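Quick one: the structure is below, and I'll ask about it shortly.
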Amino acid sequence: MATPNAQHHAVRLAHAEAHAALHGLSLTPLRRQVYAAIVASEKPVGAYDLLDALEPARGRVPPTSVYRALDFLLAHGFVHRIESKNAYVACCEIGVPHCSQFLMCDRCGATVEIPSDGLAEQLSHSAPAQGFEVHRQVVELSGVCALCARASRTSASA
């Protein structure tokens with residue numbers, strides 16, 4: 001019997017494959033494996049971590065191949081790049097145009113995508129008032145997730 005996480009990952013992979021098929025995108029075996037490794041990670045994953053994750057199933061994969069797969073996944077909205085970590089997370093809403101912000105736990109590394117066009121719009125409108133032209137927007141908030149905060153409180157009271 002599949003675990004809830006495995007079922008969730010399978011649903012996300014199926015959704016990605018359906019999106020690719022619907023839009024005539026080639027989700028090659030390598031692209032699918034890179035995406036699956038990102039989905040399976042509970043935190044942002046870097047390109048070299050992806051190389052290590054792929055090696056048991058594919059053997060040694062050239063870094064350029066993984067970077068090309070990441071470029072494809074980024075360009076078509078399957079993943080987001082976490083700028084501060086030079087790492088990648090799976091998009092929570094493939095095929096739905098949105099702006100996202102990310103909540104990143106400093107302790108466990110868990111990262112949550114918060115899609116919110118409202119905040120992005122507010123920031124974009126503030127910039128021209130300052131004479132600034134926005135080309136790209138990245139909002140990453142770091143702190144402590146609820147699980148880590150709870151664990152900290154529990155250990156402090158023990």
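The values are calculated or read from the model by the stated rules, or taken from the named source; none is laboratory data. Here the structure is a predicted model, which means the values were calculated and not measured. Cβ: placed from backbone, ideal geometry, glycine included. Neighbour counts: every protein chain shown.
Output the residues belonging to the stretch 90-129 that are under 19 Å from Lys43 (Cβ atoms) and either of a type in the set (S, T, N, Q) or part of a helix (DSSP H, G or I) (or both).
Those that are under 19 Å from Lys43 (Cβ atoms) and either of a type in the set (S, T, N, Q) or part of a helix (DSSP H, G or I) (or both): Ser100, Gln101, Thr111.
Can I ask one more? Test Ala40 against the stated conditions and say whether it is more than 13 Å from the chain's Cα centre (by Cα) and not assigned by TED's automatic domain parsing to the domain that holds Glu140.
For Ala40, the condition - more than 13 Å from the chain's Cα centre (by Cα) and not assigned by TED's automatic domain parsing to the domain that holds Glu140 - is not met.
Conditions (1) at negative phi; (2) out of contact with any Gly (no Cβ under 7 Å at 6 or more places or on another chain); (3) modelled with pLDDT under 85, marked per residue:
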position: Phe102; (1), (2), (3): yes, yes, no
position: Ala110; (1), (2), (3): yes, yes, no
position: Pro115; (1), (2), (3): yes, yes, yes
position: Gly118; (1), (2), (3): yes, yes, yes
position: Glu121; (1), (2), (3): yes, yes, yes
position: Gly131; (1), (2), (3): no, yes, yes
position: Val138; (1), (2), (3): yes, yes, yes
position: Leu141; (1), (2), (3): yes, yes, no
position: Val144; (1), (2), (3): yes, yes, no
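Can you report the number of residues in the stretch 46-81 which are touching a Lys or Arg at 6+ places or on another chain (Cβ under 9 Å) and touching a residue at least 40 places away in the same chain (Cβ under 8 Å)?
Of the residues in that region, 5 qualify.
Has the stretch 145-156 got at least one residue that is in contact with a Lys or Arg (Cβ under 6 Å, 6 or more places away or on another chain) and either in contact (Cβ under 8 Å) with a residue 24 or more places away in the chain or loosely packed, with under 10 Cβ neighbours inside 10 Å (or both)?
Initially, the stretch 145-156 is screened for residues in contact with a Lys or Arg (Cβ under 6 Å, 6 or more places away or on another chain), giving 148.
Next cut, either in contact (Cβ under 8 Å) with a residue 24 or more places away in the chain or loosely packed, with under 10 Cβ neighbours inside 10 Å (or both) only: 148.
Scanning the stretch 145-156 turns up at least one residue that is in contact with a Lys or Arg (Cβ under 6 Å, 6 or more places away or on another chain) and either in contact (Cβ under 8 Å) with a residue 24 or more places away in the chain or loosely packed, with under 10 Cβ neighbours inside 10 Å (or both).
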